[in-house]
Amino acid sequence: MSGGRRVVGDPAVARAVGMIMAMTPCSARDARAVLASAATAAQVTAAELAAAVVAVPQGVALPSHVERALRHAVEAARSPVCPAPAAAAPVAMLANRALTEKVLARFRACRARLGAEPGSEDARREMDDVTYTLCVLMGRLRAHDAVTAAQDRLDLSAYADGAG
């Protein structure tokens, strides 16, 4: 098998997905896409790439072509999504500061837990849930953009309140 086909039930794949979710940050769906894209670019299977990723914390270095493919896939997942040229800019309201702080704190806690327990299905599910909530709250399509927007929102609020 070549490329990024998903290996159902493989614990290394599940753990690698959790690691990618915490590192990028992103949803489980996006982490699986990162894994598949990197596997395809590195010309290895998703299971092989996952095994290499989960070995890194034990001090095993990623092969350079795998590291390069993974880095590019993560960068692509973090890249902003460009709206269609003809699309009008959406009108959005600023999220409530307290709610933004609460959701961002929950996101950070989930990300830390997922970093510590990347193989935990519960941790991945919680990260997916808070990532979705943060994306909706901030009106963003990607978790990385939503986190940045939430941090900017809190910085803007602090400045407006005279704390900055």
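Below, the figures for the structure above:
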read-out: Scope the range 14-30; condition more than 8 Å from the chain's Cα centre (by Cα) and buried (at least 24 other Cβ atoms within 10 Å of the Cβ); matching residues; value: Ala16, Val17, Gly18
read-out: Thr40 being modelled with pLDDT of 95 or more and out of contact with any Phe, Trp or Tyr (no Cβ under 6 Å at 6 or more places or on another chain); value: yes
read-out: Candidates Ala46, Ala61, Ala41, filtered to the one that is surrounded by fewer than 18 Cβ atoms within 10 Å (Cβ to Cβ) and over 25 Å from Arg108 (Cβ atoms); value: Ala61
read-out: Qualifying helices (runs of 4 or more DSSP H) (wholly inside the range 8-86; at least 3 residues being under 14 Å from Pro118 (Cα atoms)); value: 11-23, 28-42, 46-55
read-out: In the range 49-58, the residues that are open to solvent by 60 Å² or more (accessible area, probe 1.4 Å) and either modelled with pLDDT of 95 or more or β-branched (Val, Ile, Thr) (or both); value: Val56
read-out: Some residue of the range 106-122 being open to solvent by 70 Å² or more (accessible area, probe 1.4 Å) and aromatic (Phe, Trp, Tyr); value: no
read-out: Residue in the range 146-164 that is modelled with the lowest pLDDT, counting only those that are surrounded by fewer than 13 Cβ atoms within 10 Å (Cβ to Cβ) and among the aliphatic types (A, V, I, L, M); value: Ala163
read-out: Among the residues listed as Val136, Val130, the single one being closer than 21 Å to Ala31 by Cα, at pLDDT below 95 and of a type in the set (Val, Ile, Thr); value: Val136
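The values are calculated or read from the model by the stated rules, or taken from the named source; none is laboratory data. What you see is a predicted model; the values in this text were computed from it and never measured. Virtual Cβ from ideal backbone geometry, glycine too; neighbours counted across all protein chains shown. With ligands, DNA and RNA removed, areas are computed over all heavy atoms of the protein, side chains included. Shrake-Rupley method; radii C 1.70, N 1.55, O 1.52, S 1.80 Å.
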